[in-house]
Amino acid sequence: MRKIVIILFVLCSTFQLSAQQNVSLLGSLSYTQALNDIWGYVDSLGNEYALVGTQTGVSIVDVTIPASPVEIQFIPSVSNTWRDLKVWNDYAYVTTEATTGLMIIDLRHLQDSVPFVYSSCGVGFTDAHNIYIDEFGVAYLFGSTGTSGPLGTIMLDVDTDPWNPSSLGSYTANYIHDGMVRNNIMYAGEIYAGQLSVVDVSNKSAPVVLGTHPTIKAFTHAVWISADETKAFTVDESSSAFIESFDITDPTNIERLDQIQSNPGSGVIPHNVFNINEYIVTSYYKDGITITDVSRPHNIIQVGDYDTYTQGSGNGFSGCWGVYPYLPSGNIIASDRNNGLFVLSPTYTRGCYLEGIVTDACSGLPLSNATISINSVANSDDVSDIADEYATGTSVAGTYSITVDRPGYNSQTISGVALSNGVVNFLNIQLTDTLPAMSVTVSSLQNPSCIGANDGAIDIEVFGGNVPYYFIWSNGRTTEDIAALLEGTYTVTVTDDVGCEFVQSFTITDPISIVLTTSKTNISCHGINNGSIQVTASGGSGAPYTYSWNTSPVQSTPLIQNLAGGFYEVTVSDVNGCTAVTEVEVRDPAQIVVFYIPQNTNPPGAPNGEINQLISGGIAPYTYTWSNYSTTEDISNLLPGTYFSSVVDRRGCAVLTTITIN
């Protein structure tokens, strides 16, 4: 109940609802009869007037001095509960559900007289529930009846001859209770169809329905649109109904964006809505008037209200029937059925917006159906949608704590959230579920038996989270356990049934390498097979080691001897059969090559023969021994005969050469 909320406000100043928020009373005028709808008018001198529908006629009130409203004219008519009024230039057009036709009032001389007539509009028109006049001077009579029966919505030209409207066409697809038109698009509250309807009325004789969308209570009474014509705002004239916002960018695919109640739980009924600068001003029966910030139509926030009906709250049609927010002064005029005319001064204030997304802290996936509440702010609860988005707010700037709840998740309270008027605070929220956190342990890990072997294995166990689990390993495997593995690091991503992920890596390693150390003895002199190789093994899986040389026949000892020059390969196996291979070269030194040039004696028998030697191969320096006991490389002054040369290199390798001098 609204009164309970007011008491709580008195007891706890953190509550923000009050009977007059951002709206103050300037003046009022009582009546002895019930009121219905209201409209405004401004004359050529700038005087402001309220045109007030009453049970028995039309009251014209000068509200130029808002503290002292004065009724300057009263035009009597047939008694009727419903009376609606709109103005085109200096003429007022009044409908009622009594069978009087369309009342037309000349407003040009209000201080003197107000001529009026009733018109059947050339179509036998008798009555209508409501009226709207667009920017082209076309009047739309909603819920019309004629002498021959229902006429639907009649469209009249009131611009060409204001005193004698002429019919342009009609819309009869559905009964319209109230609506408005802009740029030849009609936005209709089809109350008995329970829907917002968007209709192209460019051709008045053949309107085309562009799209429809049901409203929550399926009793669509009134509608108004945004300045850019992409959003629509509706109310159902039903207990506990909402102000609803819709995206009408594509009329064939209208989307509801948000909804709000002035006083949830009270059963109060909204009636009429009007948009001024993206504020919806609503006549709200027993809640008086409310002002709602719709500049962010997915996040509607009530930022003002004035309770014209002080006799109580709740369901019923007592209280504020109509409201008009378009006077040049900025004042609002409102008609309360029970308490008369109110002149109000609004302070239009943007809401403090709190928006963001709610996700699972583990999986990062969106969470719908999470309730976000601004603590100490009544009616601030919002529920995250299927796309995990939420949007709420308040009208009063300050620092607040936010509570987020969702079934199956731990409640979270966030303190110190600063909210400012006209500013969006984007706050993304992560919730943790009530199940134990997911974890992964290794039950066994088997390293490869040998270097390069693919017989490693990893067995794991998963705890917590929501079963079943899904596995993806870094090597592409999708089983819980994996085998036939080479040395390396393997990462598993475990995803539970709600998308939570846990990532862990495991490393398997090859055993240490078999280390082979070799020593060798190269061949001492060319052509002598006295080389040898010794191999020593360590590491791997340990002794005993076995050996296999690439000799013929195969030798299996760590030491091999009597080797000719060449490359020798040995394969060593450890106790597990793991192998290591190495190759050793036994070098055969280069052969000593003696090239000699003999110079015979001349004349024959003379002691002038010579032998010159050119030495290559082996390892210098060389030593020389001749059969004539010379020790030089070359010898001369020789007699004919045979000479023997011995060339020995540094390692003692020798070459004997026989040379004849003739």
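The values are calculated or read from the model by the stated rules, or taken from the named source; none is laboratory data. In this text, all values refer to a predicted model and were calculated from it rather than measured experimentally. Positions of Cβ are backbone-derived with ideal geometry, glycine not excepted, and every protein chain shown enters the neighbour counts. Quick note on the areas: whole protein, heavy atoms, side chains included, nothing else; ligands and nucleic acids left out. Shrake-Rupley method; radii C 1.70, N 1.55, O 1.52, S 1.80 Å.
Key figures for this structure:
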read-out	value
Check on residue 429, touching a Leu at 6+ places or on another chain (Cβ under 9 Å), crowded, with 18+ Cβ neighbours inside 10 Å and within 19 Å of residue 259 (Cα to Cα)	no
Residue that is farthest from residue 62 (Cα to Cα), among those in the range 308-329 that are polar (S, T, N, Q) and buried (at least 24 other Cβ atoms within 10 Å of the Cβ)	313
In the range 330-340, the residues that are open to solvent by 50 Å² or more (accessible area, probe 1.4 Å) and assigned to a strand (DSSP E or B)	none
Candidate set: the range 238-261, residues that are touching a Gly at 6+ places or on another chain (Cβ under 9 Å) and crowded, with 18+ Cβ neighbours inside 10 Å; chosen: the one farthest from residue 317 (Cα to Cα)	251
Selection count where residues are buried (at least 18 other Cβ atoms within 10 Å of the Cβ), in a strand (DSSP E or B) and at negative phi, scope the range 147-166	6
The range 341-361 residues that are under 29 Å from residue 58 (Cα atoms) and modelled with pLDDT of 95 or more, paired with ones that are of a type in the set (Val, Ile, Thr) and part of a loop (DSSP other than H, G, I, E, B) (beta carbon under 7 Å, 6 or more apart)	342/308; 343/63
Breaking point among (1) assigned to a loop (DSSP other than H, G, I, E, B); (2) crowded, with 19+ Cβ neighbours inside 10 Å, for residue 273	(1)
Residues being in a loop (DSSP other than H, G, I, E, B) and free of Cβ contacts under 8 Å to residues at least 60 places away in the same chain - total across the range 596-617	7
In the range 93-146, residue surrounded by the fewest Cβ atoms within 10 Å (Cβ to Cβ) [restricted to those that are of a type in the set (S, T, N, Q) and within 52 Å of the chain's Cα centre (by Cα)]	145
Residues of the range 36-86 satisfying the condition of being open to solvent by 10 Å² or more (accessible area, probe 1.4 Å) and of a type in the set (A, V, I, L, M)	42, 45, 65, 67, 70, 72, 78
Criterion violated by residue 234 - all others in (1) closer than 18 Å to residue 181 by Cα; (2) open to solvent by 10 Å² or more (accessible area, probe 1.4 Å) satisfied	(2)
Residue selected from the range 82-126 under the condition under 21 Å from residue 49 (Cα atoms) and small (Gly, Ala, Ser), by the criterion modelled with the highest pLDDT	92
Those residues of the range 564-610 which are within 18 Å of residue 520 (Cβ to Cβ) and aromatic (Phe, Trp, Tyr), in sequence order	567, 568
The range 435-473: number of residues that are under 26 Å from residue 578 (Cβ atoms), in a loop (DSSP other than H, G, I, E, B) and open to solvent by 80 Å² or more (accessible area, probe 1.4 Å)	2
Positions within the range 345-369 being open to solvent by 20 Å² or more (accessible area, probe 1.4 Å), under 30 Å from residue 332 (Cβ atoms) and among the small types (Gly, Ala, Ser), in sequence order	345
Residue check, residue 570 among the aliphatic types (A, V, I, L, M) and either at positive phi or touching a Phe, Trp or Tyr at 6+ places or on another chain (Cβ under 6 Å) (or both)	yes
Candidate set from the range 634-661 (those that are closer than 21 Å to residue 525 by Cα and not in a strand (DSSP E or B)); member that is most open to solvent (accessible area, probe 1.4 Å)	650
Residue match in the range 292-313 (condition: in a loop (DSSP other than H, G, I, E, B), in contact with a Pro (Cβ under 9 Å, 6 or more places away or on another chain) and among the acidic types (Asp, Glu))	no
Residue 79 vs. criteria at pLDDT 95 or above, farther than 21 Å from residue 343 by Cβ, out of contact with any Pro (no Cβ under 8 Å at 6 or more places or on another chain) and not in a helix (DSSP H, G or I)	yes
Pick from the range 170-184, criterion open to solvent by 30 Å² or more (accessible area, probe 1.4 Å) and in a strand (DSSP E or B), ranking: modelled with the lowest pLDDT	170
Of the criteria (1) more than 22 Å from residue 37 (Cα to Cα); (2) at pLDDT 95 or above, which one residue 264 fails	(2)
Among residues of the range 376-387, those that are in contact with a Ser or Thr (Cβ under 6 Å, 6 or more places away or on another chain), open to solvent by less than 50 Å² (accessible area, probe 1.4 Å) and part of a loop (DSSP other than H, G, I, E, B), counted	3
